[in-house]
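Here is the structure we will look at.
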C-alpha cells in the first residue's frame, strides 16, 4: 500500500477548484497574512501598516472604555463564522460575551469595523458590507485613516442605512451597539 504525501492527501486550498470551507481555511499556512473566506472565495491580505494599527488600537481603547460588561471588544485576528464558506476577521468587532467561543464568534457580531488599507478598500465596501448586511450584523463601520473619515451604517429592515459620516475633527455620536462619541482625527494620533 502506497503512502501518500500530506499534500497529495490534502492539497493546499489554493490548488482546489470550487468554493472553499472552514476546513480549508484551517489548513492555510501561518505566514503573516490574514486569510478570510467570503462565499467560498479566499481573500488574503498582507499584514497591516503602522497607521492602520494605530487606528485599530485607538478605536479599541475608546470602545473598550464605553463597552457595557455583557459585551466584548475584540481585534483581528479573530474569526467571525457567518457560514461554512464565509469566515471573516473584521479589524475590530463587538459581540455579546455569551455568544463567543474560545475559537470564534459563530454568528454575526453586533458591530464590525474595517479600517481601510489600499488592498482592502474594495472588499470592505462591497463584499464584506453586503455579506455582513445579509448575515444581520446590526452595525458596520469603515474608517479611512488617510482622510481620516468614519462612515457608519445600521441595519434597518434588513438593509444598511447610513447613520453617521464624520471627517477630520467632526464628531460622530453613535448609539449602537452602545453610546460612543468618536472623532476620526483622534484615531490617527
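Conditions (1) within 10 Å of the chain's Cα centre (by Cα); (2) farther than 20 Å from residue 55 by Cα, marked per residue:
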{"site": "82", "(1), (2)": "no, yes"}
{"site": "99", "(1), (2)": "no, yes"}
{"site": "102", "(1), (2)": "no, yes"}
{"site": "117", "(1), (2)": "no, no"}
{"site": "124", "(1), (2)": "yes, no"}
{"site": "128", "(1), (2)": "yes, no"}
{"site": "132", "(1), (2)": "yes, yes"}
{"site": "146", "(1), (2)": "no, no"}
{"site": "156", "(1), (2)": "no, yes"}
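This table checks each residue for (1) touching a strand residue (DSSP E or B) at 6+ places or on another chain (Cβ under 7 Å); (2) farther than 23 Å from residue 31 by Cα.
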residue: 83; (1), (2): no, yes
residue: 89; (1), (2): yes, no
residue: 102; (1), (2): no, no
residue: 125; (1), (2): yes, yes
residue: 147; (1), (2): yes, yes
residue: 153; (1), (2): yes, yes
residue: 159; (1), (2): no, yes
residue: 168; (1), (2): no, yes
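Let's see how each residue does on (1) surrounded by fewer than 19 Cβ atoms within 10 Å (Cβ to Cβ); (2) in a loop (DSSP other than H, G, I, E, B); (3) touching a helix residue (DSSP H, G or I) at 6+ places or on another chain (Cβ under 8 Å):
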| position | (1), (2), (3) |
| --- | --- |
| 64 | yes, no, no |
| 101 | yes, yes, no |
| 114 | no, no, yes |
| 124 | no, no, no |
| 137 | no, yes, no |
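What do you reckon, is residue 154 part of a loop (DSSP other than H, G, I, E, B) and either surrounded by 15 or more Cβ atoms within 10 Å (Cβ to Cβ) or modelled with pLDDT of 95 or more (or both)?
On the way: part of a loop (DSSP other than H, G, I, E, B): no; either surrounded by 15 or more Cβ atoms within 10 Å (Cβ to Cβ) or modelled with pLDDT of 95 or more (or both): yes.
Judged against the criteria, residue 154 is not a match.
Return yes or no: is residue 61 modelled with pLDDT of 95 or more and more than 12 Å from the chain's Cα centre (by Cα)? For residue 61, the condition - modelled with pLDDT of 95 or more and more than 12 Å from the chain's Cα centre (by Cα) - is met.
Going by the structure shown, is residue 106 surrounded by fewer than 16 Cβ atoms within 10 Å (Cβ to Cβ), touching a helix residue (DSSP H, G or I) at 6+ places or on another chain (Cβ under 9 Å) and at pLDDT 95 or above? Against the criterion (surrounded by fewer than 16 Cβ atoms within 10 Å (Cβ to Cβ), touching a helix residue (DSSP H, G or I) at 6+ places or on another chain (Cβ under 9 Å) and at pLDDT 95 or above), residue 106 qualifies.
The values are calculated or read from the model by the stated rules, or taken from the named source; none is laboratory data. From a predicted model like this one, the values you see are computed outputs, not experimental measurements. All Cβ positions, even for glycine, are placed from backbone atoms using ideal geometry, and neighbour counts span all protein chains on display.
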